[in-house]
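What follows is a single structure, written as structure tokens, with notes after it.
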Amino acid sequence: MTVRRHRRSWSWVVAVAFGGGASLLAVPRSLHAEEDSATEVAAARALAVDGLKLAQAGKCDEAVPKLERSEKLHHSAIVLSRLGECNVSLGKLVEGTEELRKVLREPLPATPSPALNKAYERAQSALDAAKPRIAALTISLAKAAPPDLHLMVDGQAVPATLIDTELPADPGEHTIEANAPGYLKATAHVTLSSADKKTVSLKLETDPNAPVVAPHASETVAAGAARPEQGTARPATEESNAPPAASHAAPNHAAAYVAWGMGVVGVGVGSAFGLIAMKDKHDIVAHCGSNSCTPESSESLDSAKRAGNISTIAFGVGGVGLALGTVLYFTVGTGSSQQTGALTPPRSFAGFSRGRATIGPGNVQLAADF
């Protein structure tokens, strides 16, 4: 038959001064704890010896740091029990009673040592004496808790879910702080006596300097439809009788561009027919070199005359178009138009009541009535 051997819990010895003599107490380790290295155990033993001596001498303020470090390195019910007693004596009732409860929750071994029995008895006695002295603090908000609420009590973070919940607290002065994005920090101070119960109400004010988050486009449209414009509203009759505001438009150069286009076309046509006339002239000179012209030369002469007349007229129209376009471009300024869209004529032509143009063979005439 196979017998499974369990690792046996070890014990170590600490020296504790009682009165005028020293006693060796066996301090067993918890059965459920894992093995620590020899270095950690030796260091924990040295810290525990110093801490227990200081606690026995009534110097708990010096003993607590050593007992805490010893407990972190290697757990011992005796060390934790004395640490809880010291914290209670220093006014840290909540922390001390929790340490004492932890000791009492550990089951005693089958054959506990006298030192361990004594530690359990002291823990129970200290817990019974400290529990009635614990105060209670309730934190409430004047308005509903905003998202991302940060709650602090004496610099320690407290879950926001504990709002309006009675919290165990040590007697003495406490500082409560509440903060959230977009709000100013709210701070309150309270003094609790032994077994006292108080409620602290905090009011979070909106931070005027907090960055504004741009709303979604749909939210902006909905808000604009639901909220009227800010400022003093004018009476409806005044708005209806007020003349429409003039809208300033850019200068309209369409007429100038049309005139320029006609001018360019005229110059082009004049140039083309001028070239035809020159060609016909050249043919006439070639056939009439001896001052006697053939019938074919007569037709060339007529064609040259027609081409010359057309060229002259086209050049005239082109020149007028270019000149008129230039005048229109520089005389038409930025005008204001009413809602009807009417255009104001240029000042240079405002006095014209009627204008006319006459085109004839070989000439172009422009006239206007004032």
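Within the straight-line cut-off of under 21 Å between alpha carbons, the lysines reachable from Lys143 are Lys185, Lys198, Lys203, sequence neighbours fewer than 8 places apart in one chain being disregarded. Counting neighbouring Cβ atoms within 10 Å and putting the fewest first, the residues Leu90, Leu52, Leu192 line up as Leu90, Leu192, Leu52. Here's how it looks for Leu202: its modeled amide H is under 5 Å from those of Ser140, Leu141, Ala142, which are all 5 or more places away or on a different chain.
Quick one: dipole size for segment 135-202, taken about the Cα centre, charges +1 on Lys/Arg Cβ and -1 on Asp/Glu Cβ, in debye to the nearest 20.
Working: 4 positive and 8 negative charges, 42 e Å.
Roughly 200 debye, rounded to the nearest 20.
For a footprinting-style exposure proxy, rank Asp207, Asp61, Asp280 by other Cβ within 10 Å, fewest first. Display every interim value, and only then the final one.
Working: Asp207 14, Asp61 11, Asp280 21.
Ranked by crowding around the Cβ, least crowded first: Asp61, Asp207, Asp280.
Values of log10 I(q)/I(0) for segment 135-202 across q = 0.17, 0.20 Å⁻¹ run -0.55, -0.75, by the Debye formula with one identical scatterer at each alpha carbon and no solvent. A simple rule links phi to the HN-Hα coupling: the Karplus curve 6.51 cos²θ - 1.76 cosθ + 1.60 with θ = phi - 60°, which for segment 154-168 gives 6, x, 9, 5, 10, x, 5, 5, 8, 4, 6, 10, 6, 9, x Hz, with x for Gly and Pro.
Distances between placed amide hydrogens fall under 5 Å for Ala169 paired with Ala135, Ala136, Leu137, all partners being 5 or more residues away or on another chain. Of the residues Cys60, Cys86, the one with the fewest other Cβ atoms within 10 Å heads the list, and the complete ranking is Cys60, Cys86.
Looking only at segment 100-203, where both bridge partners belong to it, what percent of the DSSP beta bridges are antiparallel (to the nearest 5)? Walk me through the intermediate numbers first.
On the way: 18 of 24 bridges.
Of the beta bridges lying entirely in segment 100-203, close to 75 percent run antiparallel.
Remark on Tyr183: its backbone amide H falls under 5 Å from those of Asp207, a criterion applied only to residues 5 or more positions apart or on other chains, H modelled at 1.01 Å from N.
Where a number appears in this text, it was derived from the coordinates with a stated rule and is not lab data. The structure presented is a predicted model; accordingly, all values stated were derived computationally and were not measured. With ideal geometry, Cβ positions are generated from the backbone for all residues, glycine too; neighbour counts draw on all protein chains shown.
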